[in-house]
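Since every read-out is calculated from the coordinates, none of them should be taken as a lab result. Fair warning: this is a prediction, and the values are worked out from it, not measured in the lab. Here Cβ is always computed from backbone atoms with ideal geometry, including for glycine, and neighbour counts include all displayed protein chains.
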Amino acid sequence: MRKYFLFLGIAFFLVTSMTMVPTVEGADFSGKTIKWIIPFNVGGGSDVWARLYSPFLQKYLPGNPIVVVKNMPGGGSIIGGNYFHVRAKPNGLTVFGSSGSTSFPYLLENPKVKYDFAKYQIVFATPVGGVCYINPELGVKSVKDLKGFKKPLQYASQGATSLDIIPLLAFEMLGLDVKAVFGYKGRGPGRVAFEQGEVNIDYQTTPAYIKNVRPLIKQGKAAPLMSWGALDANGNIVRDPVEPDLPSMPEAYEMLYGKKPSGPGFNAWKAFFVAGFGMQKAMWLPEKTSKDIVATYRDAAAKVIADAEFKEVVKKSLGGYPQLAGKDAVVGFQQVLDVPKKDRGWLINWIETKYKVKIR
Amino acid sequence: MDVVLQSLAVVLQPSHLLMLICGVVMGLSIGILPGLGGIVGMTILLPVIYGMDPHSAFGLLIGMVAVIPTSDTFPSVMMGIPGSSASQATIMDGYPLAKKGEAARALGAAFTASLIGGLFGALVLTLIIPIARPIVLAFGSPELFMLALLGMSMVGVLSGNKPIKGILAAGIGVMIGALGDAPAVPEYRYTFGIDYLIDGVPLVVVGLGLFAFPEIVDLLIKGRSIAEAATLGKGWLDGVKDALKHKFIVLRCSVIGVIVGFLPGLGGSVVDWIAYGHIIQTTRDRGKFGQGDIRGVIAPESANNAKEGGGLIPTFLFGIPGSGSMAVFLGGLLILGIQPGPGMVTENIDLIYTAIWSLALANVFGAILSIALSKPITRLTVIPFSYLAPFMVLIITFACYQATRSWGDLIALLLMGILGWVMKQYGWPRPAALIGFVLSDNLETYLFISVQRYGFEWLTRTGVIVLAAIIIGSLVMGIFYQARKSSKARASGERNGK
């Protein structure tokens, strides 16, 4: 009788445990080396991101494989992306780390791009925020003051097809007369240009904003206007948790025009916002990777994100935003993939006519 | 002041000192290998520093980067091959000295100059931290464009008696620099559909192609050893004395080094040329330059070590790197959880002083170790070159391949090498081409920004006018001396004509 109960107990345990963790089995990476392709140079934002993640992935992937960051810079990340597309085998041993600079040429249908995010499996994603600020000498203290504001503004830009699409299109939607000055090598030089008075409107990603712009605000040399926003779990753009007192870009639009933003311009802006900020950096598995391997990776990523020590890393070095693993990442990136072709076409057309560049 | 001494105590702890020495040894090795410089060193060390405490990590990284411009003198002097982009100008006079059998003297002078320059850089860094922000902010895009022009004006000096050839050579350099993606518009120039050309030709490839390749070919043709004299002449102690005798040159060029390192966006790879050009411009008896004048070694070597101290300033205070290696160092800061910015002066001042002490100590260790090494290494110059050549070809090929790790690097090296050899044969100044190449991006970007932003008004800015006056003054001075020199008896050899 007792044996019978024991048997029942064991059977029950086996059945429940199998239903509870249905697919995280099979994939085991003992003794393997995983190559994580980063299409940027050592020391860049994406490289730092991957190096911060990799020891934790190493800890939580079954079999504790060695995770090696392989930098493959060139062509603004297109070369590394194309390499991944052509060469990566679906065995879970080659993964790819994308950034906004990788997603943008893809969305803009750059003819050099061979990679296709629609075919890959996303593992996890890291968001970042951006805060826009202005020179207070112009008489602007907050977004409200922008109503009917017609003075010419200058913005230090890296290029019309770079991440600067987000600020430039936002300025356009808000009806600001902003001249983009092209040729700056990134946000750092852009901020210095703002401090020099070479330009008078700028944005910084949140970590740089906290360390470099907040002191300027305290001295009265900068006035924060808005954040681009942050994605909530349902894919809506809400206020950035780093600056909860500032309106997000869609809110700012509403404050100025009394209605919610809509139309092809906003649809395109939102897709690019998700690709450039809401899910700026993401890890990908190649096409045709088995469900087992995908689930194993997503499970490991979820464990990394829950790790107390890693949470500290996120707070200190990754901007402090909640990291998105598995389903959250899939749902989030779907917004990038779902943007209608005509809205994308509208944006490409807008860049080509406004900035007189040829994209396609 | 307390913080300064506290940081010294931290730096002198055995664990930190060990890291520093590891960094120094690694930096010396990277410097000796031609073509490998600070960027490669930083790239190798970055994965190691994960989880390290920031003070030890600083010892390692800064120890490494501080001494590269010390040991990169070895290949520049002894083989005429730039050890890294910071010591290309050292070749001009260092290599002729080696040919005369005075390699030890050149090295001794170079290491002493490096040491003083490095210490001076650390000192300036200490003094300037509180007032650095306004100075950096005074240099907008128009001023940076003028500085790039100032660099270009050295071309005239470096092209000796044939200014037309110098200008044309610089033009070739600018054109090579324009290959690939344009700095301000989303366009690719002359890539012919070749992926390798998207990012342009790497500096390492151009530098080694123009300088190392022709040297190897010519030495093989002659079939001799590098030193033409059978015996090694004066020793390193004479070199030390030379450097001390020209202490004002050392100090002046250290100032140039700090300033060039300090200004973000100018790029450290021209500092040696600017120092070298400056010393020629301001010297009366300049007939011997290019044929083994010890001052031509001292000037660039003091400037390139001082540069590292200057380069840390924009990196720490603005989060914008002053050079390629500082860009990687910036990533290192982020890995350590440090976000650079103006707050560093208040929140992380201890780290800044750790960096400064590490810089100073590394320069001392680096110079001592290099002097100790110089005696055995100079013997390489008496070995018949046919034994050395295969090894040298291997090393420069390897170094070039590190640039982007694609076949394109090797093909580009061959093409640049042929160009360099042809230029050398026909007496076209290769330094001018290199300066054009290095500055092309700056010239274009800052001019483009200035005109977009200010129209023609940028020409009326005070900084622009001051810099324009300096450029014109130095050109006039150059022409004046040149005229006086040629009115005297014509010098037998031609500078750079070799």
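Taking a ≥ b ≥ c as the square roots of the Cα gyration tensor eigenvalues, with a/c under 1.5 meaning rounded and otherwise prolate when a/b beats b/c, else oblate, which class fits chain B? Rounded, since a/c falls under 1.5. Think of chain B as having a plus end and a minus end, set by charges on the Cβ of Lys, Arg, Asp and Glu; of B:F329, B:T126, B:A306, B:A306 sits farthest toward the positive end of this dipole.
Here the convex hull built on the C-alpha positions of the stretch A:104-177 has a volume of 133 cubic angstrom per residue. Evaluating 6.51 cos²θ - 1.76 cosθ + 1.60 at θ = phi - 60° for every residue in the stretch A:117-132, the Karplus couplings come out as 4, 4, 8, 8, 10, 7, 9, 8, 9, 10, x, 9, x, x, 10, 9 Hz, glycine and proline recorded as x. Residue by residue along A:156-168, Cβ atoms of other protein chains within 10 Å of the local Cβ number 2 on average.
Helix A:264-273 and the longest principal axis of the C-alpha atoms of chain A enclose an angle of approximately 60°.
Springs between Cα atoms under 10 Å define the GNM used for chain A, and in it the highest mean-square fluctuation of A:P65, A:P264, A:P215 occurs at A:P215.
Annotation for A:D245 and A:K179: the two label points, set 7 Å from Cα along the Cα-Cβ direction, are 3.4 nm apart. Here the simple spin-label model places points 7 Å from the Cα toward Cβ, and for B:Y190 and B:A9 these points are separated by 6.0 nm.
Charged side chains reduced to their Cβ positions (Lys and Arg at +1, Asp and Glu at -1) give the stretch A:130-275 a dipole of some 160 debye around its Cα centre. Between beta-carbons, use under 14 Å as the cut-off and find the net charge around A:V238, counting Lys and Arg +1, Asp and Glu -1. Once positives and negatives cancel, what remains is -3. A Förster distance of 60 Å, applied to the separation of the beta-carbon atoms of A:K358 and B:L127, puts the FRET efficiency at 0.75.
Remark: mean inter-chain Cβ contacts per residue of A:311-321 equal 2, using a 10 Å Cβ-Cβ cutoff to other protein chain atoms. Look at the dipole of the stretch A:130-275 built from charges on Cβ: of A:V192, A:G265, A:S227, the Cα furthest out on the positive end belongs to A:V192.
For chain A, modelled as a GNM whose springs connect Cα atoms under 10 angstrom apart, the maximal fluctuation among A:F333, A:F149, A:F277 occurs at A:F149. Using a/c under 1.5 as the rounded threshold, could you call the stretch A:130-275 rounded, prolate or oblate? The axes a ≥ b ≥ c are square roots of the C-alpha gyration tensor eigenvalues, and prolate needs a/b larger than b/c, oblate otherwise. Rounded.
With +1 on each Lys and Arg Cβ and -1 on each Asp and Glu Cβ, how big is the dipole of chain B about its Cα centre, in debye rounded to the nearest 20?
My answer is approximately 2020 debye.
Peptides A:292-298, B:66-72, B:77-83 ranked from most to least packed give B:66-72, B:77-83, A:292-298, packing being the mean of other C-beta atoms within 10 angstrom over each peptide's residues. Taken as entire DSSP H runs, the helices of chain B that both span 20 Å or more between Cα atoms along their own long axis and average -0.5 or more on the Kyte-Doolittle scale are B:14-32, B:54-71, B:103-128, B:141-158, B:163-177, B:247-262, B:295-318, B:349-378, B:385-404, B:407-425, B:430-454, B:462-487. The stretch between B:I465 and B:D218, if pulled fully straight at 0.36 nm per residue, gains 84.4 nm over its current Cα-Cα span. Legend: ranking of residues A:C132, B:C253, B:C22 from fewest to most surrounding C-beta atoms inside 10 Å; resulting order B:C22, A:C132, B:C253.
Taking packing as the residue-averaged number of other Cβ atoms within 10 angstrom, the listed peptides B:48-56, B:84-92 run from highest to lowest as B:84-92, B:48-56. Hey, got the dipole for the stretch B:152-289? About the Cα centre, +1 on K and R Cβ, -1 on D and E Cβ, debye to the nearest 20? Computed about the Cα centre, the dipole is about 840 debye.
Each of A:V213, A:V140, A:A156 was placed along the dipole of chain A (beta-carbon charges, centred on the mean Cα), and the one lying farthest toward the positive end is A:A156.
The packing ranking of peptides B:308-316, B:389-397, A:240-248, highest mean first, is B:308-316, A:240-248, B:389-397, where packing means the average number of other beta carbon atoms within 10 angstrom of each residue. Compared with the alpha-carbon gap, the fully stretched path from B:S386 to B:R405 is longer by 4.0 nm at 0.36 nm per residue.
If a/c stays under 1.5 just call it rounded; otherwise compare a/b with b/c (prolate if a/b is bigger, oblate if not). Do that for the stretch B:163-261, with a ≥ b ≥ c from the square roots of the Cα gyration tensor eigenvalues. Each step should come with its number before you reach the end.
Working: a/c = 2.97, a/b = 1.56, b/c = 1.91.
Oblate, since a/c reaches 1.5 and b/c is not below a/b.
When chain A is treated as a GNM with alpha-carbon contacts under 10 Å, the residue of A:S317, A:S227, A:S99 showing the greatest mean-square fluctuation is A:S317. Neighbouring Cβ atoms from other chains, within 10 Å of the Cβ of residues in B:448-457, number 3 on average.
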